[in-house]
Structures are given as C-alpha cells and as structure tokens.
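The values are calculated or read from the model by the stated rules, or taken from the named source; none is laboratory data. Nothing here was measured: the structure is a model prediction, and the numbers come from that model. Here the Cβ positions follow ideal geometry from the backbone for every residue, glycine too, while neighbour counts run over all protein chains shown. To get the accessible areas, we keep the full protein, side chains included, count just its heavy atoms, and leave off ligands, DNA and RNA. Shrake-Rupley method; radii C 1.70, N 1.55, O 1.52, S 1.80 Å.
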Amino acid sequence: MPFYVKKTVKPLEAMQLTDKNQSDTMEWCCGKKGLGGSVLLKTPESGDGTQMAVTGDYIVKGYTDDLGWHFWPVKPDYFEQNYEKVRD
C-alpha cells in the first residue's frame, strides 16, 4: 500500500477588514460597500456570486487553475488557527 503526503499549500495574500481600512480593502479586492461596514465580494463559489465580509473577517486572495484569482471571506478564529504569517 503506498503512502501519500498532502501537497503544500501556496502562500496566500490576506487582509483583515477593520473600520479604518474599509475603502482600502474594497479597492484591493474589487469589493463593494455593504451595510454596516461590510464588504461584498464577487466569488465564483457562492450561488449568487457574492459573499459578505464583516468587520474583523479576513479577506483572502488565492489562485486555482479552474477559478483563476479570487477572493473569499474567512472568520477570524478560523483564520488565526489555520493560517500562519510567512512575510509582509
């Protein structure tokens, strides 16, 4: 029986949405202003094509062969447990 090792994950860019950086974040991820300081992201994974990031969420930028460059929101507790900063 052969053994397998999980392929390494490529580094991803991410930005945490705060009250102070909403416009910079929207510009970076081509997002639109939502209600209450949220940012609406166009994402190919969601049924209607948008997902909402709220203050405190991380917005992650990644690339896959089938989707190209895309952005998605990640809750802070999940992000901090599963992602490690490698460089600025």
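One table, with the values for the structure above:
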item: Single residue of T18, T55 found to be outside any helix (DSSP H, G or I) and out of contact with any Gly (no Cβ under 7 Å at 6 or more places or on another chain); result: T18
item: From the options G47, G62, residue that is at pLDDT below 90, part of a strand (DSSP E or B) and small (G, A, S); result: G62
item: Exclusive hit being open to solvent by 50 Å² or more (accessible area, probe 1.4 Å), over 12 Å from the mean Cα position of the chain (by Cα) and of a type outside the set (S, T, Y), set K85, K42, K75; result: K85
item: Contacts under 7 angstrom Cβ, first residue in the stretch 61-88 being under 21 Å from Q22 (Cβ atoms), partner surrounded by 13 or more Cβ atoms within 10 Å (Cβ to Cβ) and of a type in the set (V, I, T), 6 or more apart; result: H70/T43; F71/T43; F71/I59; F71/V60; W72/T43; W72/V60; P73/I59; V74/V60
item: Selection within the stretch 1-15 - open to solvent by less than 100 Å² (accessible area, probe 1.4 Å), assigned to a loop (DSSP other than H, G, I, E, B) and at pLDDT 80 or above; result: L12
